[in-house]
1. Leaving out ligands and nucleic acids, and using a 1.4 Å probe, what accessible area per residue does the range 146-203 come to in Å²?
2. Please compute the net charge surrounding Lys191, taking Lys and Arg as +1 and Asp and Glu as -1 over other residues with Cβ under 14 Å from its Cβ.
3. Residue separation times 0.36 nm, minus the C-alpha to C-alpha distance between Lys342 and Ile437: what's the value?
4. Classify the range 215-303 from the C-alpha gyration tensor, please: rounded if a/c falls under 1.5, else prolate or oblate depending on whether a/b exceeds b/c.
5. Cβ under 12 Å from Phe227's Cβ, Phe227 left aside: what net charge do those residues give with Lys, Arg +1 and Asp, Glu -1?
6. Taking 0.36 nm per residue of sequence separation and subtracting the Cα-Cα distance, how much length would be gained by fully extending the chain between Thr120 and Thr420, in nm to one decimal?
7. Please list, in chain and number order, the residues 5+ apart from Leu376 or on another chain whose amide H is under 5 Å from its amide H, with Hs placed from the backbone.
8. Can you give me the % of accessible surface on the range 79-182 that is carbon or sulfur? Probe 1.4 Å, all protein chains present, nothing else counted.
Amino acid sequence: MSISTSSSDSLEFDRSMPLFGYEADTNSSLEDYEGESDQETMAPPIKSKKKRSSSFVLPKLVKSQLQKVSGVFSSFMTPEKRMVRRIAELSRDKCTYFGCLVQDYVSFLQENKECHVSSTDMLQTIRQFMTQVKNYLSQSSELDPPIESLIPEDQIDVVLEKAMHKCILKPLKGHVEAMLKDFHMADGSWKQLKENLQLVRQRNPQELGVFAPTPDFVDVEKIKVKFMTMQKMYSPEKKVMLLLRVCKLIYTVMENNSGRMYGADDFLPVLTYVIAQCDMLELDTEIEYMMELLDPSLLHGEGGYYLTSAYGALSLIKNFQEEQAARLLSSETRDTLRQWHKRRTTNRTIPSVDDFQNYLRVAFQEVNSGCTGKTLLVKPYITTEDVCQICAEKFKVGDPEEYSLFLFVDETWQQLAEDTYPQKIKAELHSRPQPHIFHFVYKRIKNDPYGVIFQNREEDLTTS
C-alpha cells in the first residue's frame, strides 16, 4: 500500500518557480521573528525565593530618565516599526474611533463564543475585519504623523497588514486557538486525524509512496521544534515563512542524499511522511489559520504553493485507509483547494465603514451587583429601542420595561429616546475635536439619581 501523487493530482501551481523566494530570503526575513515576536509576553519564568510584601516604586526622576532613554531608542526605529508601534498604541486608545473599533471587536469575539458556526466561519470573519480596518486606517486622519509621510506608497498596505497582526491577531491568539480546538474536537475531525496519524507512522516510507531520501530522526526533531515555534506565533505571514524553512530543510535532505533534483510529485509524499512523524494534531489548525488569515496578496507565490502542499499532506493523512492499495489526492480535496484559492484571491471589494461599525460596548448597572458590561453586535441603523431588547436578552432582565439605555458623558446622564441611533451618537462623539469619555449604560429608569460612578475610566468593562 502506498500514498502517491500523479501529475494529474498535483497541486495546481507553477512548478518552475524558484524555491524559497518568498518576498525575501527566508533567513533575513526571519531575523526579527523572535525579537519582534509573536510571543512578546513569553519571557522565561523567574523563580522568586520569597514573596515581598511591598513593591519597589521607581522615583519620578528615574522614571523621567527612563522615558527619555526610551524616546532615544524609538528614534532609531525604522519608519516601518515606528508606524506599526504607533498604530498598535492607537488601537489601545478607546478615546479614538480606531481604538474603539478594534477593542469592541476583540471584546465581542471573546465574549460571544457561539457567534460562529465553524472554524472557517470564524477565521473568515476575522480576516474580513482586518481588511476592512486596514482600508479605514489608510484613509483616517487619526494617524499622526500620517502614514504616507513615513512609508512609501507601495509599502503602505504591507505595513498596515503587520499592524493588524499586532492589533487584532495578537490579543485574539489564545481565544482563536481555544475555539479552533473546540470546533475540531466537537466535529470529531481531530479524533479521526489522531487515529490516522498513528496508522501512517506505522508504515515505512516506501509504503507511503516515498521514493526519495527522508529526514532522519535528528532532522525530524528539528522540524518538530520549528512547528512548535510556529504555534507560538500570531502572525500568519511569519508562520508561513517558518513553514518555508521546514520545506527548505526537507528539500535539502532529499537532494543532498541523492545528488539529484526533485519535483512536486516527489516532495508531497515526503512532506506527508514528515508531518506524520511529527505527530502534532495542532498542525491541522496551524495550516487552517494560515490559509484563512494570510494576506491574499501573498497567496499567489511560494506562500500559497507550500501552504497548499501542507494542506494536501494533511488531507492524505486524514483520508488514509488501511485497506486501500494507493492514495491519491482525492477529487474532493483538489476541488476544495481550487475553491479556497479562488475565494481568497478574487472578488476583493473594498468594504465601507458601515460594514464594521457594528460593535457597541454597553455597561449594565444593578443596585445590588454593581456594573458589568458586554460588547454587542449593533449595526448603525439599529435604534435604541432595539438595543434595549438586545440588552434585556443578554443581561437576562426579567422586567425590561423598567430599563432603558442611557448615555453618560461629561459627568451627566441622558436617557436616549427609543428612535435614536446609538452608533450614530457614538460616531458623532468620536468626531468631536476634543476627545470625550463616554459610556452607554443599560439601567433602571427609576434609580439612584446620581447613577453609577465610573471610578476607573480606562477600565475595559464599561468604556465604549
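The values are calculated or read from the model by the stated rules, or taken from the named source; none is laboratory data. Predicted model only: the values in this text are computed from it and were never measured. Glycine gets a Cβ as well: all are built from the backbone with ideal geometry, and neighbour counts include every protein chain shown. Calculation scope for accessible area: heavy atoms of the full protein, side chains included, ligands and nucleic acids excluded. Shrake-Rupley method; radii C 1.70, N 1.55, O 1.52, S 1.80 Å.
1. Solvent-accessible surface per residue comes out at 50 Å².
2. -1
3. Stretched fully, the Lys342-Ile437 segment lengthens by 29.8 nm.
4. Details: a/c = 2.10, a/b = 1.39, b/c = 1.51.
Since a/c reaches 1.5 but b/c is at least a/b, the shape of the range 215-303 is classed as oblate.
5. +1
6. In short, 104.4 nm is gained.
7. Excluding prolines and chain starts, which carry no amide H, the hits are Leu360, Arg361, Val362.
8. On the range 79-182, the fraction of accessible area on carbon and sulfur atoms equals 47 percent.
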